[in-house]
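Asks: I'd like to ask some things about the structure below.
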Amino acid sequence: VGFSSIEAEVEGGVATITVARPEALNALNKQVMQELVSACLFLDRNHPSAKVIIVTGSGDKAFAAGADIKEMATLSYADAYNSSLLNGWETLRTVRKPIIAAVNGYALGGGCELAMMCDIILASDKAQFGQPEITLGVIPGMGGTQRLTRAVGKSRAMEMILTGQRIGAAEAERIGLVSRVVPAAELMAEARKLASKIAEFSTPVVEKAKECVLVAQEQSLGEGLRFEKREFWSCWALDDQKEGMGAFVQKRKPAFTHK
Ligand code: HXC
């Protein structure tokens, strides 16, 4: 519906959003941000048949080569500080459905940070990750210093952020930045397979699980464990808990109603 910098489609419980600025290596300008965030919010809140969201980049070179440097280069401090250039990204955190980043090429700067905002990163063997902001005279501003550190640990995050050096897909897998690496030609099929698998399960239960894992990133172990326990027992309020456990006992496949 009227997007110009992204493409969105829903098929069989899986929504796919593609950043569509291949000529700029899918650099994340304000319009991409607004469209991507509003598509995710719409799919999350108003599209019950879309259960999982995949985010990827168009073309075979880039997932996203970062925030749009040309858009930011000449801003004054006051304009940069006051602008809503990056504010929308925070809103992505309110999306309850799982988001899979299918990283098909460069994921640099804001592109790497966008991938890390997603819940699972699936990488093609051509993917490259990095936080090159230091080479531009700035620092990461969409969560890189925080999420990369949580993902790969302090020493490796420091090295990547202080040198701006890129790492390849195999290295990203080895250090735990991505969930898995697959051949480039199979990336989208694998992402859809993964999304479809998750889409089979009870939507509210999937969302509870996602929320609990995110709490692990933000809070202490004690608080996280308390949160998990409450969410765990709250599953008993759902039809899908009765169905899932009932089906096991009756030795049949569960048919979740997503309620
Ligand atoms: C704007 C970009 C861009 C970007 C690439 N392009 N990255 N435009 N913002 N982040 C444009 C180029 O200007 C060029 O446009 C076209 O895309 C193709 O890019 P090339 O450089 O010609 O391609 P290549 O030689 O293959 O090099 C690929 C690359 C390089 C290594 C990925 O493009 C690159 O280093 N890009 C910048 C990566 C980066 O620094 N990202 C961090 C951005 S800062 P023309 O018009 O010349 O054809 C950031 C901060 C986030 O993300 C935190 C919040 C502020």
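The values are calculated or read from the model by the stated rules, or taken from the named source; none is laboratory data. All figures in this text were calculated on a predicted structure; none of them were measured in a lab. Neighbour counts are summed over all protein chains in view; Cβ atoms, including those assigned to glycine, are modelled from backbone coordinates with ideal geometry.
Asks: For region 130-145, enumerate the residues that are within 6 Å of the ligand (Cβ to nearest atom) and touching a Pro at 6+ places or on another chain (Cβ under 7 Å).
Replies: Passing the criteria: only E133.
Asks: Out of the residues in region 94-113 meeting the condition of being more than 16 Å from V32 (Cα to Cα) and either within 15 Å of the ligand (Cβ to nearest atom) or without any contact (Cβ under 8 Å) to a residue 60 or more places away in the chain (or both), tell me which one is surrounded by the fewest Cβ atoms within 10 Å (Cβ to Cβ).
Replies: Once the filter is applied, the top-ranked residue is T94.
Asks: Does region 163-199 hold any residues that are loosely packed, with under 15 Cβ neighbours inside 10 Å and within 16 Å of G12 (Cβ to Cβ), and which are they?
Replies: A189, K193, K197
Asks: For region 114-122, indicate whether the set of residues that are part of a helix (DSSP H, G or I), near the ligand (Cβ under 10 Å from one of its atoms) and crowded, with 16+ Cβ neighbours inside 10 Å is non-empty.
Replies: Yes - at least one qualifying residue is present in region 114-122.
Asks: Within region 4-33, count every residue that is within 16 Å of the ligand (Cβ to nearest atom) and touching a residue at least 40 places away in the same chain (Cβ under 8 Å).
Replies: Total meeting the criteria: 10.
Asks: If you don't mind, there's one more thing I want to ask. Counting residues that are touching a helix residue (DSSP H, G or I) at 6+ places or on another chain (Cβ under 7 Å), more than 26 Å from L25 (Cβ to Cβ) and at pLDDT 95 or above, which helices (runs of 4 or more DSSP H) fully inside region 127-218 reach at least 1?
Replies: 144-152, 187-200, 203-218
Asks: Which residues, counting only those in region 215-256, are touching a residue at least 40 places away in the same chain (Cβ under 8 Å) and either exposed (fewer than 12 other Cβ atoms within 10 Å of the Cβ) or closer than 30 Å to L177 by Cβ (or both)?
Replies: Residue satisfying the conditions is Q217 alone.
Asks: Taking helices (runs of 4 or more DSSP H) that fall entirely within region 1-112, which contain at least 1 residues that are within 27 Å of V213 (Cβ to Cβ)?
Replies: 30-46, 87-91
Asks: What's the total number of residues in region 34-73 that are among the aromatic types (F, W, Y) and within 9 Å of the ligand (Cβ to nearest atom)?
Replies: Residues in region 34-73 being among the aromatic types (F, W, Y) and within 9 Å of the ligand (Cβ to nearest atom): 0 in total.
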